[in-house]
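*Asks:* Have a look at this one before I ask anything.
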Amino acid sequence: MLGTRGYMALGVVAAAAVVALVPTPAAWVEQLYSRQLYLVAQRIVTSASSLVGFSLLDPLVVLGIGGLGWWWWRALRHPTEGRRVRAVGRMMLNTAAVAALLYLAFVVAWGLNYRREPLTAKLDYEPDRISSTALAEFTVESVGHVNTLYAAADRGAWPAFDDLPRRFAPAFVEVQRRLGATRTAIVGRPKTTLLSAYFRRAGIDGMMNPFSLEVLVNHTVLPYERPFLVAHEWAHLAGYANEAEASFVGFLVCLAGDAQSRYSAWLFLVPQLVRHLPDDERADAYAALDDGPRRHLREIAARLSRAVPLVRRNASRVYDRFLRANRVDDGIASYGLVVDLVLGTDGTSVWRGLMSRDGMIGRAVGE
């Protein structure tokens, strides 16, 4: 017999399965959750979590792992041999119920954003604009922007993580409004974490804690990577769960900032574009880079090469499954789809003269 607690545990697991599998109308999620309820909660939760200088995820992870181990040890230390199998079965059900509760909390706190309407529905986006010719032309222009911005961007000290909220919060709000938001998310304080050692080995640059809505960063990320990395994670804070959409929004946030943030955005985008080119055109694109940007890309590659291949593969595999479980059909490949958003959105194939804040964002969203 399961008993009352056993049936309650089964009920929680069943509820999580229903939430995971039952279709949710994207329009409802968009209008009621992503644009309203979530953003109200985000401003409260992120404001609170930003008051704390350390990652709130760190004690949760430590207490969670320690507590789970202690719970199992306490449940299995006394049963006789005949009852041990039942005790293990009961603990497996209880552990599944805890995991189900965490999943339900994740969906309520942030995860429902995976089910909102795609960003392409809010932009003047046409897949027909994506072509090999458009890619080649835009790559040439992107390389030109990186070369042009390098001198101004590298002249002064690069901002520390703690400087970024003050410098780029207005750009973050403006981009959200340009994308149609009436309520806007607020920036979160970038924090280092005890997980940094894992981040380095897995090749992870940062993440957004979906429970306390805080931004966690890999402190080994290079200075000129910081603006785009944080802008990408802020886009997640704004409810853009899809990785390509978060990269696109982060790209726009950086373009609405100063020379250093714009340089960081283009430096991110150039490799994303070049990887889709034929080999000969790829070589030409890299050859067209000036010494400064080329050195920065080599330093980024060297940093990423220090990841442990086994750890990185396993981290990618786990995250791919996580994304697919949350209805992102492309899984981890969705990161690279930012190129489709850039090329397919009206005006983004011709960025000349758009380095002013209003002009850049206005043209980017097809105004």
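The values are calculated or read from the model by the stated rules, or taken from the named source; none is laboratory data. Quick caveat, the model's predicted, so the values are computed rather than measured. No Cβ is skipped: glycine too gets one built from the backbone with ideal geometry, and neighbour counts run over all protein chains shown. All accessible areas refer to the heavy atoms of the entire protein, side chains included, with ligands and DNA or RNA removed. Shrake-Rupley method; radii C 1.70, N 1.55, O 1.52, S 1.80 Å.
*Asks:* Would you mind getting me the FRET efficiency between residue 137 and residue 158? Use the beta-carbon distance for r and R0 = 22 Å, nearest 0.05.
*Replies:* For residue 137 and residue 158, the calculated efficiency is 0.15.
*Asks:* Find how many whole Å separate the alpha carbon centroid of the stretch 137-173 from the alpha carbon centroid of the stretch 80-115.
*Replies:* So the two Cα centres are separated by 44 Å.
*Asks:* Let's test the formula: R0 of 25 Å, r as the Cβ-Cβ distance of residue 41 and residue 122. What FRET efficiency results, to the nearest 0.05?
*Replies:* 0.70
*Asks:* Let me ask something else about it. Mind ranking 3-12, 290-299 by how tightly packed they are, going by the mean number of other C-beta atoms within 10 angstrom, highest first?
*Replies:* Peptide ranking by packing, descending: 290-299, 3-12.
*Asks:* Accessible area of the stretch 1-118 with a 1.4 Å probe: how many percent of it is carbon plus sulfur?
*Replies:* Looking at the stretch 1-118 in its full context, I get 74 percent from C and S.
*Asks:* Taking amide H positions as placed in the peptide plane 1.01 Å from N, state which residues far from residue 191 in sequence (5 or more) or on other chains have amide H under 5 Å from it.
*Replies:* 215, 216, 217
*Asks:* Just to be sure I understand the model, the point goes 7 Å from the Cα along the line to the Cβ. What's the resulting residue 182 to residue 346 distance in nm?
*Replies:* Label-label distance for residue 182 and residue 346, simple model: 2.3 nm.
*Asks:* Excluding residue 13 itself, calculate the net charge of residues whose Cβ lies under 14 Å from the Cβ of residue 13, where each Lys or Arg counts +1 and each Asp or Glu counts -1.
*Replies:* After counting each charged neighbour, the total is +2.
*Asks:* OK, next. Using helices alone, I'd like the mean residue ellipticity at 222 nm for the chain: each DSSP H run of four-plus residues gives -39500 (n - 2.57), total over residue count, nearest 500.
*Replies:* Helix-only estimate at 222 nm: -20000 deg cm²/dmol.
*Asks:* In whole percent, and with a 1.4 Å probe on the protein chains, what portion of the accessible area of the stretch 153-240 is carbon and sulfur?
*Replies:* 55 percent
*Asks:* Taking the Cα centroid of the stretch 1-59 and of the stretch 65-79, what is the distance between the two, rounded to the nearest whole Å?
*Replies:* 27 Å
*Asks:* Determine the shape class of the stretch 147-188: with a ≥ b ≥ c the square roots of the Cα gyration tensor eigenvalues, call it rounded for a/c under 1.5, and otherwise prolate if a/b is greater than b/c, oblate otherwise.
*Replies:* Oblate.
*Asks:* Stretched out fully, how many nm does the piece from residue 287 to residue 24 gain, at 0.36 nm a residue minus the Cα gap?
*Replies:* 89.9 nm
*Asks:* Taking the Cβ-Cβ separation of residue 62 and residue 98 as r and a Förster radius of 25 Å, what is the calculated FRET efficiency to the nearest 0.05?
*Replies:* 0.95
*Asks:* For the stretch 1-152, with every protein chain kept in place, what is the accessible area per residue (1.4 Å probe, Å²)?
*Replies:* About 60 Å² of surface per residue is accessible.
*Asks:* How big is the dipole moment of the stretch 128-240 about its Cα centre under a simple scheme where the beta carbon of each Lys and Arg is +1, that of each Asp and Glu is -1, and everything else is neutral? Debye, nearest 20, please.
*Replies:* 340 debye
*Asks:* In debye to the nearest 20, how big a dipole does the chain give about its Cα centre with +1 on each Lys and Arg Cβ and -1 on each Asp and Glu Cβ?
*Replies:* 2000 debye
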